[in-house]
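None of the figures in this text is laboratory data; all of them are computed from the coordinates on show. The structure displayed is predicted, hence computed values, not measured ones. FYI the Cβ positions are ideal-geometry reconstructions off the backbone, even for glycines, and counts take in every protein chain you see.
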Amino acid sequence: MERTLSIIKPDGVCKRLIGNVVQVFEDAGFRIAAMKMKRLSRGEAEGFYYVHKERPFFGELVDFMISGPVVIMVLEGENVIQRNRDLMGATDPREAAEGTIRARWADSKQNNIVHGSDAPESAAFEIGHFFSGIEIC
Ligand code: GDP
């Protein structure tokens, strides 16, 4: 059993896709172990994306992530990190496989509806960034 962190980004919330995205996860058999909605502070968003801090789009990405509320989830299941990445599709929706969340609903490489941890180490860091142990059911 593995855990991953998922975020429905501000564009996903704004486009009223919370229900659709959660349905994709539940249909895949993932267990939602924690869930919260919040508007990230600049510090929270910068800390979350610190691995990208040298990238040219870092400032733009942080501005986007704090532009509206997000829905943050801990998903649990077998091989859930990779399976969630598969359901999300490639970062750029133009390259995302048909039927994936990003192919279906994303507008651009930045505004791509969802975040999902890419490895066990990042999942552990990202879950700890947003949830304390007692918040995970
Ligand atoms: P992910 O793991 O598929 O989310 O992609 P990355 O870890 O490479 O990038 C993190 C996030 O940064 C992406 O989900 C996008 O929201 C954003 N991003 C990635 N590449 C670009 C880019 O070239 N320009 C902008 N503005 N944002 C980007």
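Considering only region 109-137, state which residues are assigned to a loop (DSSP other than H, G, I, E, B) and either within 8 Å of the ligand (Cβ to nearest atom) or surrounded by 16 or more Cβ atoms within 10 Å (Cβ to Cβ) (or both).
Scanning region 109-137 gives 109, 110, 111, 112, 113, 117, 118, 131.
Which count do you get for residues in region 21-38 that are β-branched (Val, Ile, Thr) and crowded, with 21+ Cβ neighbours inside 10 Å?
1
In the list 119, 97, 123, which residue meets the criterion of being without any contact (Cβ under 8 Å) to a residue 12 or more places away in the chain, over 19 Å from residue 10 (Cα atoms) and among the hydrophobic types (A, V, I, L, M, F, W, C)?
97
Looking at this structure, is residue 106 over 23 Å from residue 135 (Cα atoms), of a type outside the set (Phe, Trp, Tyr) and either touching a Gly at 6+ places or on another chain (Cβ under 7 Å) or crowded, with 16+ Cβ neighbours inside 10 Å (or both)? Outline the logic, then answer.
Working: over 23 Å from residue 135 (Cα atoms): yes; of a type outside the set (Phe, Trp, Tyr): yes; either touching a Gly at 6+ places or on another chain (Cβ under 7 Å) or crowded, with 16+ Cβ neighbours inside 10 Å (or both): yes.
So residue 106 passes the test.
Checking residue 18 against (1) within 29 Å of residue 1 (Cα to Cα); (2) surrounded by 12 or more Cβ atoms within 10 Å (Cβ to Cβ); (3) free of Cβ contacts under 8 Å to residues at least 24 places away in the same chain: exactly one of these is not met. Which one?
It is condition (3) that residue 18 fails.
For the subset of region 105-116 comprising residues that are in contact (Cβ under 8 Å) with a residue 24 or more places away in the chain and not hydrophobic (A, V, I, L, M, F, W, C), which member is nearest to residue 45 (Cα to Cα)?
115
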